[in-house]
Amino acid sequence: MRAWPGGIPAGEVLRLIRELRAEARAERPLLVLGPRELRSVVKRELTRDGVESAVREEGEMEGAAGIVYILLGEPGADDLDVLRRAERARVPVVALLIEPPGARLADPPYVLAEHVVRVGGGASLPVEELVRALAKALGEKATPLAARLPALREPVVDELIRRAARRTALLGAAAVVPGSEVPVLALAQVRLLLRIADAYGFELDRKRLPEAVGAIASGLGVRSLGRAALGLVPVAGWLARGGIAYAGTRAVGEAARRYFSARAPVTRTVASRSLFPR
């Protein structure tokens, strides 16, 4: 099978492109559930400057990208039923827990502690904390939503870079033969680049991807991705290789962020395709 520069199998790159295209077409919404009087407030903040249909106040959770569940105090039986069903359906949930003044409630069941956003009685909606929690809960799958909801975009890109850097650090540290892991690192960095492009509303096909890869790699002073990490230091110890892979992948991610954000970010609407470059 043909390989890209850096030893990346072409088939893997095409698979990533198809995966992103299918997710973009699915247009899976974010559900906001809980007390009716508060749903519209949360939806308004999440859809600011974005696509209103990307956030819904009702619908089947099985077709949702994720759920923001609003809790007024301790969860009741109905709340627990919804959270339980979401866990069984493997739909990520962020709980917006509104606490009574001066109270500190326990984390609600079926929701990870890092996905619980607390709001003190009378306090305003912590939008930044909410979108960061959503980025963590949804992971890579958040990029189609970020393309439609600018409020999510930067937190999602932050989370993509953080996760990819940690993953490549482990790959770098685990390599037995220095340099042998460069194709794997390069593929991880291409995946990161594709996801960041998707978060900004752009679709890269196999003809346009090499242009973006080349521009970002040359901007980092290397000839191909992967060399931004371990290829430059083939004799480094395992700990150093892990740290260099981490730093190299973060550099690739930040360069990709600058590259796409500077090229007229778009807000993707239903059934639209914004091939890069526009």
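Answer yes or no: is there a residue in the range 58-65 that is open to solvent by 60 Å² or more (accessible area, probe 1.4 Å) and over 22 Å from Ala135 (Cα atoms).
Here is the first cut: in the range 58-65, the ones open to solvent by 60 Å² or more (accessible area, probe 1.4 Å) are 58, 60, 62.
With the extra rule that they be over 22 Å from Ala135 (Cα atoms), the set shrinks to none.
Scanning the range 58-65, I find no residue that is open to solvent by 60 Å² or more (accessible area, probe 1.4 Å) and over 22 Å from Ala135 (Cα atoms), so the answer is no.
Confirm whether Ala10 is open to solvent by less than 30 Å² (accessible area, probe 1.4 Å), among the hydrophobic types (A, V, I, L, M, F, W, C) and over 30 Å from Glu211 (Cα atoms).
no
Suppose the filter is free of Cβ contacts under 8 Å to residues at least 40 places away in the same chain, open to solvent by less than 20 Å² (accessible area, probe 1.4 Å) and under 29 Å from Tyr200 (Cβ atoms); does Val42 pass it? Explain how you work it out, then say what you get.
On the way: free of Cβ contacts under 8 Å to residues at least 40 places away in the same chain: no; open to solvent by less than 20 Å² (accessible area, probe 1.4 Å): yes; under 29 Å from Tyr200 (Cβ atoms): yes.
It is false that Val42 is free of Cβ contacts under 8 Å to residues at least 40 places away in the same chain, open to solvent by less than 20 Å² (accessible area, probe 1.4 Å) and under 29 Å from Tyr200 (Cβ atoms).
For the range 36-88, name all the residues that are touching a Ser or Thr at 6+ places or on another chain (Cβ under 7 Å) and in a helix (DSSP H, G or I).
Ala54
Given the conditions (1) at pLDDT below 95; (2) assigned to a strand (DSSP E or B); (3) not acidic (Asp, Glu), and given that Leu31 satisfies all but one, which numbered condition is not satisfied?
Leu31 satisfies every listed condition except (1).
Taking Pro150 and the conditions (1) touching a residue at least 60 places away in the same chain (Cβ under 8 Å); (2) touching a helix residue (DSSP H, G or I) at 6+ places or on another chain (Cβ under 9 Å), which numbered condition does it fall short on, given that it satisfies the others?
Of (1) touching a residue at least 60 places away in the same chain (Cβ under 8 Å); (2) touching a helix residue (DSSP H, G or I) at 6+ places or on another chain (Cβ under 9 Å), only one is false for Pro150: (2).
Could you please find all residues in the range 16-39 being more than 14 Å from Leu152 (Cβ to Cβ), surrounded by 12 or more Cβ atoms within 10 Å (Cβ to Cβ) and touching a strand residue (DSSP E or B) at 6+ places or on another chain (Cβ under 9 Å)?
The answer is Ile17, Leu20, Arg21, Ala24, Leu31, Leu33, Gly34, Leu38, Arg39.
Given the condition closer than 30 Å to Gly122 by Cβ, free of Cβ contacts under 8 Å to residues at least 60 places away in the same chain and open to solvent by less than 10 Å² (accessible area, probe 1.4 Å), answer yes or no: does some residue in the range 77-92 qualify?
yes
State which residue is modelled with the lowest pLDDT when the search covers only the range 230-273 and only residues that are over 21 Å from Leu204 (Cβ atoms), within 22 Å of the chain's Cα centre (by Cα) and aliphatic (A, V, I, L, M).
Among residues in the range 230-273 that are over 21 Å from Leu204 (Cβ atoms), within 22 Å of the chain's Cα centre (by Cα) and aliphatic (A, V, I, L, M), the one modelled with the lowest pLDDT is Ala245.
From the list Ala95, Ala106, Ala123, exactly one residue is surrounded by 14 or more Cβ atoms within 10 Å (Cβ to Cβ) and of a type in the set (A, V, I, L, M). Which is it? Steps first, please.
Working: Ala106 fails: surrounded by 14 or more Cβ atoms within 10 Å (Cβ to Cβ); Ala123 fails: surrounded by 14 or more Cβ atoms within 10 Å (Cβ to Cβ).
Selected residue: Ala95, the only one of Ala95, Ala106, Ala123 that is surrounded by 14 or more Cβ atoms within 10 Å (Cβ to Cβ) and of a type in the set (A, V, I, L, M).
The values are calculated or read from the model by the stated rules, or taken from the named source; none is laboratory data. Everything quoted here is computed from the prediction, not taken from an experiment. All Cβ positions, even for glycine, are placed from backbone atoms using ideal geometry, and neighbour counts span all protein chains on display. The protein model used for the area step is the full one, side chains on, heavy atoms only, and it has no ligands, DNA or RNA in it. Shrake-Rupley method; radii C 1.70, N 1.55, O 1.52, S 1.80 Å.
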